[in-house]
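Values in this text are rule-based calculations from the coordinates and carry no lab data. Fair warning: this is a prediction, and the values are worked out from it, not measured in the lab. Quick reminder, even Gly has a Cβ in these numbers, built from the backbone with ideal geometry, and neighbours come from all protein chains shown.
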Amino acid sequence: MIQQSLYEQVLDYANRANPYPLYAQLRQTPVTRQTDGSYVVSTYREIVSLLHDPRIGSDFRKRSVHDRPPAGLSTNKEQAFKSQVPEVGTEASASNEGSETEVVPSFIGLDPPEHDRIRRQATWPFGPPHKPGRVADMESELICLANRQIDTMKGKSSIDIVEDFAYPIPVTMISKLLGVPPEDQARLHALSEAIIEGIDLDPQKSQEERKRRQEQSGQTFKDLEQYMEALIERHRKHPGSDLLSGLITDYGPDGPMAQPDIVSTASLLLIAGHETTVNLITNGMLTLLRHPDVLERLRREPNLVIRLVEELLRYEPPVQILPNRVALADITIAGTIIQKGSPVILLLASGSRDPARFHDPDKFDPDRRDNMHLGFGCGIHYCYGAPLARLETQIALTELVRRLENPRLAYDQPPYRQSATLRGPRHLIIEIDGVKD
Amino acid sequence: MLRIVVDLNRCESYAQCVFAAPTVFWMKDEESLEYDYAPDDSLLVQVERAAAACPVQAISICWLDEQLEQQGGNHSEQQ
Amino acid sequence: MSSNNAEKTSSSVQRSVQRIVIVGASLAGLSAAESLRSEGFAGTITVIGDEPHAPYDRPPLSKTVLTGWLQAEHTTLPQSVDLQAEWLLGMPAIGLDLGNREVELADGRRVGFDRLLISTGTHARTWPDLAQAALDGVCLLHTRDDAARLRARLAARPKRVLVIGGGFTGSEVASVCRELGLAVTVTERSATPLIGALGAAAGAFAGQLQRAHGVDLRCNVTVMSLEGDESGRLRCAYLSDGDILDIDVAVVALGAVRNVEWLRDSGLAFDSRGLACDAACRAFDINGIVTDGIFVAGDVARWPHPLYGGELLAVEHWGNAVEQARTAAHNMVSVPADFRAYKSLPAFWSRQFGVNLKTIGLPSFADEVVLTQGSVLERRLVAAYGYKGRIVAALTVNMARWLPAYKAMIEARVPFPPVLHSPDSSAELRPVPAGFPPHGQTTHSANAIKTGTGPSTPPPEESSTSDKVKDPRVPPGFQPK
């Protein structure tokens, strides 16, 4: 096999536990052209600049086939572009690209003005200006939920933070928010897993295996959509106070959201709710257990959690990479010309560790004041669910640290999930001496 | 007394502060942020959440000396 | 600030700087004082202000304070506890003695300094007829007290409000009036509102917004006179279009006048455009010699910006007051080798009639403007301003998140119109004339303008005829002999 490029090494599962040294090497060249014609951007300034650049699009359908023939680009590689992992967790989405269905992309996969309109419609029942208090009002419920989960740990000496805590909290909340009945949650869990498995492809796997998984994922996505269509029908007949009912019945100046957009928006919020905050909470506990002094401080100063979560979003963000952007014009940046039509891959997690922007970037410092991290991206595709993810993680970590007695890692390091993009441990086994009331 | 000031040149209307502290910050229309310069001290935690969540770090929080705000026109004579 | 700075400030230069005086106790003055402390300056800081209030923030005065959301006194700016400044408030400075390095106060006191910052800002241009200006119901909007008074007037639900001048302040007041459900007329001497700041093309859009929100907007019209009843209460206004308006509140929004009168005998290079300084914020004297230890910041300054043809800029923006004051403060306690040049791009925002307007760069420098993103119909757009084939400014309407890209283009002197292929722009960009009127044609100031190329360059139209044209009562089309 030909030697892997640095970016291919990032995608390589062998480097999942610690991609940061690879990012540091990548930052030696802020923008690098890959053999498949895509461009990888690894430095803070360039990432921020491209995320604010009107010449960068998110609609994969705009990737050029005809007017950009980089030398040696084969059909297989074209296919490979299309099978990039979705940008779930910035704007919550799994684009269905690769599955070749005629389903409309969710707003993450759209450009202005369609993007702006659908995002406004999606925000109407979720946040300001119409429902400014929606997320803040979930605080007491979140505290109860976190404590109920912690109660289940009583009498155990060993727990899995992922299964016992970090997964149930965001999944319960997103289900509640969307109005998914509790009895359906297990089924949706399975669907979400299968979709991510299928589109987050291991480059090590054979072409056939990848294709098979991709098709499987496409089928799963269709299943999810069918489920959503039925759910929407139910909510249309019997609207509640949930977000989905809001999308259907409570619309603003942009008018009601079209049915296909409701389906794609709801599907993608659901997947994002399953696949991002769980990693943020887990990464948070892992990082605290690796920094016992900070953990101890958090126990004494609960409000430290506010800045601590921001630092976590910089230091161990769940969304590491935005793999799905496209250059809509030739763009000169950092001495490189990104050719029109080329895929652009933004390494958010690398930008947040850029020493040209952050003092001592590899240090986890919850007191950091200058912390304009890229944990939720920036620009028009800034994470839709960020306010909820923040509150959930703040409460989850505060309650965990407050109640667990002498928590410690059973072993370091934990096994990771496959994805390089939505990165996080599959399990995080910790030992405890008990649970406080 | 709790006081806040937002650099509205920096503000890009992400509205993260509104989500975090909806009685202190609000969106006027679609994109114009407005806020209470003098929220009640009991809202400190919400305001801290709002300031930390700002993606462009445009929110400053401060404690203001009560006397300063009441400062009257005869201040200079008191010197 | 890093500890390096603190070490520097304690070095040789700073030992000779013990007393710093700041004249002007608003945003720029406070920002400078804060910066001096974070630079490590440990000597005395004296801040002199003519208003009785501690520094407060002005932008909400024409917005949330007027709507009643925010109490005027709650606009006091936060300041760090360890500022340790001496505040001489409600005490105007009336003279500057450069020879003895003293500021003279209204009560006769003299305050000595080693370094001086002049950040006296502006005051509101008043209605030219003093008797009419004194009528009960004629208001200005510049200070916190003005805002509190106008708020009380609006809360009393007047039958109609007249806003004289369609600049940003006037437009924001009109917007609040509509929000409160009050009838409002805006008179503007030129063809559109906001024309001085944004040009006629963007101004026409602003005019559409006003009318769509129910403002009785009268362009190319002036107020000839205001009239009161026997008890001195404002009763009506005579307009140049022949109309007589029945009103009980008139808001005079004719722009700002630089507070430079107190420098009359100082020997510094000031005139109605402001006080000239170099890129390090050091004031020039009347001979064009840069002074030692006299610095300028904020609305009162005119300084050379590297991007705008060597012209001195005068900018009445919030961000300018903060950033220029920080640069001045740094330079006040540094050796010349460590001086920083002030070259921030002007940046501005306003909210009115349901939209958030933001600008970056200097629109009034431009000759052309082009819609680059969004649509006028949707009231969400980005427009780029060009001068001789390069981009010099941009305006966003409810699309502020794109502004950083345009800032980078302006700083990189990108050709105009820019090539974007943005998904929300038309295939071909069609620039139109930006439509800035000649100096003196509007009833309000542009709030960010070029003012000539050097400290001694005379104002372009400093003649008796142009004074006549500057009279806000003189209708458009008036031809001085």
Report summary line: Candidates A:333, A:248, A:169; GNM for chain A (alpha-carbon contacts under 10 Å) flags as most fluctuating A:333
Query raised in the report: Taking the Cβ of residue C:243 as the center, what net charge do the other residues with Cβ under 14 Å away carry, scoring Lys and Arg +1 and Asp and Glu -1?
Result: -2
Query raised in the report: Over what distance in Å are the Cα centres of segment C:336-383 and segment C:297-328 separated?
Result: 15
Report summary line: In chain A, taking the dipole from +1 charges on Lys and Arg beta carbons and -1 charges on Asp and Glu beta carbons about the Cα centre, the listed residue (A:4, A:239, A:167) farthest towards the positive end is A:4
Report summary line: Rounded to the nearest 10, the angle in degrees between the Cα long axis of helix C:318-332 and the longest principal axis of the Cα atoms of chain C comes to 10
Query raised in the report: Once the Cα atoms of helix C:195-212 and of chain C are each reduced to a long axis, what angle between those two axes, in degrees from 0 to 90 to the nearest 10, is obtained?
Result: 40
Query raised in the report: Can you give the Rg and Dmax of the protein assembly as shown based on its C-alpha atoms, in angstrom?
Result: 30.0, 98
Requested in this report: Mind telling me which of A:371, A:283, A:324 comes out most flexible in a GNM of chain A, alpha-carbon contacts under 10 Å?
Outcome: A:371
Query raised in the report: What size of dipole, in debye to the nearest 20, comes out for segment C:126-256 about its Cα centre when the only charges are +1 on Lys and Arg C-beta atoms and -1 on Asp and Glu C-beta atoms?
Result: 360
Query raised in the report: Out of C:376, C:391, C:402, whose Cα points farthest toward the positive end of the dipole of segment C:351-416 (charges: +1 Lys, Arg; -1 Asp, Glu; placed on Cβ)?
Result: C:402
Report task. Please work out whether segment C:370-416 counts as rounded, prolate or oblate from its C-alpha gyration tensor, where a ≥ b ≥ c are the square roots of the eigenvalues and a/c under 1.5 means rounded, while otherwise a/b larger than b/c means prolate and anything else oblate? Result -> oblate
Report summary line: In degrees, nearest 10, the alpha-carbon axis of helix C:144-155 is tilted away from the dominant principal axis of the alpha carbons of chain C by 20
**Report entry** Relative pair counts by distance (%), Cα atoms of chain A, 10 Å bins
**Finding:** 4, 22, 32, 27, 13, 2, 0
Query raised in the report: For chain C, what is the percent of antiparallel DSSP beta bridges, rounded to the nearest 5?
Result: 60
Report summary line: Calculated from DSSP helices alone, with each H run of at least 4 adding -39500 (n - 2.57) and the total divided by the residues of chain A, [θ]222 nm to the nearest 500 comes to -13500 deg cm²/dmol
Report summary line: By Cβ neighbour count within 10 Å, fewest first, C:66, A:289 rank A:289, C:66
**Report entry** ³J(HN,Hα) computed for each position of segment C:95-111 - Karplus, 6.51 cos²θ - 1.76 cosθ + 1.60, integer Hz, glycine/proline x
**Finding:** x, 10, 10, 5, x, 8, 6, 9, 9, 9, 9, 4, 8, x, 5, 10, 10
Query raised in the report: Picking from A:411, A:384, A:315, which is most flexible by a Gaussian network model of chain A using Cα springs under 10 Å?
Result: A:411
Query - Estimated dipole of chain C in Debye, rounded to 20 [Cβ of Lys and Arg +1, of Asp and Glu -1, Cα centre] - result: 1000
**Report entry** Helix-only [θ]222 nm of chain C, DSSP H runs n ≥ 4, -39500 (n - 2.57) each, per residue, nearest 500
**Finding:** -6500 deg cm²/dmol
Query - Unsatisfied cross-links (Cα-Cα over 29 Å) in the set C:63/C:388; A:154/A:176; A:131/C:159; C:343/C:388; C:407/C:470; A:131/A:237 - result: C:63/C:388; A:131/C:159; C:407/C:470
Query - Distance from segment C:233-288 to segment A:1-61 (C-alpha centre basis), Å - result: 54
Report summary line: Gyration tensor on Cα atoms of segment B:2-66, a ≥ b ≥ c root eigenvalues, a/c under 1.5 rounded, else prolate if a/b beats b/c, else oblate, says prolate
Query raised in the report: Which Cα, out of C:363, C:329, C:314, lies furthest along the positive dipole direction of segment C:311-376 (beta carbon charges, K/R +1, D/E -1)?
Result: C:329
Query raised in the report: Amide H to amide H, which residues 5 or more places from residue C:117 or on other chains are under 5 Å from it, using H placed in the peptide plane?
Result: C:21, C:22, C:23, C:295
Report summary line: Computed on Cα atoms, Rg of chain C relative to 2.2 N^0.38 Å comes out at 0.98
Query raised in the report: Can you pull the three principal axis extents for the Cα set of segment C:347-433, in Å, largest first?
Result: 33, 28, 23
Query raised in the report: Roughly how many debye, to the nearest 20, is the charge dipole of the protein assembly as shown about its Cα centre, given +1 on each Lys and Arg Cβ, -1 on each Asp and Glu Cβ, and no other charges?
Result: 1380
